[in-house]
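Report on the structure given below.
The values are calculated or read from the model by the stated rules, or taken from the named source; none is laboratory data. The model shown is predicted, which means the values in this text are computed figures rather than measured ones. Methodologically, a virtual Cβ is constructed for each residue, glycine included, from the backbone with ideal geometry; neighbour enumeration extends over all protein chains shown.
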Amino acid sequence: MKKTTTIKARRGRPPRADFGTRLIRAAHEAIAIARGEADPSTYHIHVPSDLDVRAIRLRTGLSQDKFAERFGFTRARVRDWEQGRSKPDGAVRAYLIVIDREREAVERALTAA
């Protein structure tokens with residue numbers, strides 16, 4: 001007799017097998033967009049509502065002053081985000097994610113400007 005196992009969703013999340021299927025589907029969709037075979041405006045991009053701005057800055061190895069200067073923020077704004085007095089809006093959160101994940105690309109784009 002074969003033993004079967006059931007994959008259960010954890011805390012409302014889909015099972016891991018479903019995650020793999022979705023990941024492969026997403027890769028195929030990304031390729032279709034890159035080839036011009038799909039309309040990117042039909043896709044939703046998720047930008048997290050909370051970011052740890054201090055952690056992002058520390059990963060760059062820059063002080064608050066240098067981080068603000070390099071990426072076009074004021075020092076006061078960076079300090080306020082890090083101390084929780086304010087939060088970056090949606091566009092700035094997206095920009096901070098790109099700084100965190102693709103810093104060199106941001107620096108190339110800003111240098112060329």
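Quick check on the range 5-16. Is at least one of its residues among the polar types (S, T, N, Q), modelled with pLDDT under 70 and in a loop (DSSP other than H, G, I, E, B)?
Kept after step one, since they are among the polar types (S, T, N, Q), are these residues of the range 5-16: 5-6.
Within this subset, residues satisfying the condition of being modelled with pLDDT under 70 are 5-6.
Going one step further and asking which of them are in a loop (DSSP other than H, G, I, E, B), we end up with 5-6.
There is at least one residue in the range 5-16 that is among the polar types (S, T, N, Q), modelled with pLDDT under 70 and in a loop (DSSP other than H, G, I, E, B).
How about the range 36-85: which of its residues are outside any helix (DSSP H, G or I), hydroxyl-bearing (Ser, Thr, Tyr) and at pLDDT 95 or above? Don't jump to the end; show me each part of the working.
First, pick out the residues of the range 36-85 that are outside any helix (DSSP H, G or I): 36-39, 43-52, 61-63, 72-74, 83-85.
Filter once more, so that each one left must be hydroxyl-bearing (Ser, Thr, Tyr): 43, 49, 63, 74.
If the condition is that a residue be outside any helix (DSSP H, G or I), hydroxyl-bearing (Ser, Thr, Tyr) and at pLDDT 95 or above, then Ser63, Thr74 are the ones that fit.
Report every pair of residues separated by at least 6 positions or lying on different chains whose Cβ atoms are under 6 Å apart, first residue within the range 20-47 and in the same structural domain as Val92 (by TED's automatic domain parsing) and farther than 19 Å from Arg101 by Cβ, second assigned to a helix (DSSP H, G or I) and modelled with pLDDT of 80 or more.
Partner pairs satisfying both residue conditions: none exist.
Can you say whether Leu96 is modelled with pLDDT of 90 or more and either touching a helix residue (DSSP H, G or I) at 6+ places or on another chain (Cβ under 7 Å) or surrounded by 14 or more Cβ atoms within 10 Å (Cβ to Cβ) (or both), as far as the supplied structure shows?
yes
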